[in-house]
Amino acid sequence: MEYPPLLPARFLRRDNRFRALVEVSGSPASAYVPNSGRLGELLVVGAPVWVRSMAASNRKTMYDLCLVEHAGVLVSIDARLPPRLLAEVWEAGRLEELSGYDVLEREVQVGGSRLDLRLRRDETVCWIEAKSVTLVRDGLALFPD
C-alpha cells in the first residue's frame, strides 16, 4: 500500500474525539484524529506521532494524525485504513481465504447502516467489517479499546 509522506510530530493533547493538538517543527498545530476510540494508552503527552499535511481551505485542521509510537512500535490510528488495506490485498489476490469471490463492493448500505465490504460470487455473499486494533493486553488485541 502506498502511504503518503508523513511528518514527525509530538502529541500535546486531544481537544475532542476528532481533533488533537500536535507540535510540528516546533510549532503547535491542529490535527484531525481519524478514530473516535479512546486511545488513552497511545495518545499521551509527548508521544512521537506522524502526521500528513492536509492543508486545504475547507478544513479546520492542517494535518491528519496517522501514526503514534508506542513501546517502540508504530501504531496506525486511522480507522479508515483497514477496509482500504483489506480491499487492496484482496484485489491483489493475496487473501487465499477469500479467493472464491469475484466481486468486491465498498461501503454497502444495509438497512440504516453501511458495512465496509461485501464480497460476492453468484449467490454467495461475504460481509466484512474491518477494524483497527489499538489496545493490546497480554498479547491479546482488544476491540473496541
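The values are calculated or read from the model by the stated rules, or taken from the named source; none is laboratory data. The structure displayed is predicted, hence computed values, not measured ones. Note: ideal-geometry Cβ built from the backbone for every residue, glycine included; neighbour counts use all protein chains shown. The protein model used for the area step is the full one, side chains on, heavy atoms only, and it has no ligands, DNA or RNA in it. Shrake-Rupley method; radii C 1.70, N 1.55, O 1.52, S 1.80 Å.
Brief remarks follow.
- Note, ³J(HN,Hα) from phi for segment 19-30, Karplus 6.51, -1.76, 1.60, rounded to Hz, x at Gly and Pro: 9, 10, 9, 10, 10, 10, 6, x, 10, x, 8, 7
- Loop-resident sites, segment 47-145, for GluC sites (Glu not before Pro), counting at most 10 other Cβ within 10 Å (DSSP): E123
- Computed over protein heavy atoms with a 1.4 Å probe, the accessible surface of segment 49-107 works out to 62 Å² per residue.
- The 3J(HN,Hα) values that the Karplus relation (6.51, -1.76, 1.60; θ = phi - 60°) gives for segment 123-129 are, in residue order, 8, 8, 10, 10, 8, 9, 10 Hz. Gly and Pro appear as x.
- Using a probe radius of 1.4 angstrom, the carbon and sulfur fraction of the accessible surface of segment 8-145 is 51%.
- By accessible area with a 1.4 Å probe, ligands and nucleic acids excluded, highest first: order of F143, F18: F143, F18
- The order of D138, D116 by accessible area, most exposed first and with a 1.4 Å probe, is D138, D116.
- For segment 116-122, 3J(HN,Hα) computed residue by residue from phi via the Karplus equation (6.51, -1.76, 1.60; θ = phi - 60°) reads 4, 9, 10, 9, 9, 8, 6 Hz, glycine and proline entered as x.
- Gyration tensor (alpha-carbon) shape descriptor, segment 55-108, a/c threshold 1.5: oblate
- Efficiency of FRET from Cβ geometry, C126 and L21, R₀ 41 Å, rounded to 0.05: 0.50
- Among the trypsin sites (Lys or Arg not before Pro) in segment 76-110, those located in a DSSP loop and surrounded by at most 14 other Cβ atoms within 10 Å of their own Cβ are R80, R94.
- C-alpha long axis of helix 81-91 to longest principal axis of the chain, angle in °: 40 degrees
- Cα gyration tensor shape for segment 1-83, rounded if a/c is under 1.5, else prolate or oblate: rounded
- Sequence-separation-based contact order of the chain, relative, with Cα cut under 8 Å and 6+ spacing, percent: 17 percent
- Of A55, A130, A20, the one that fluctuates the most in a GNM where the chain has Cα springs shorter than 10 Å: A55
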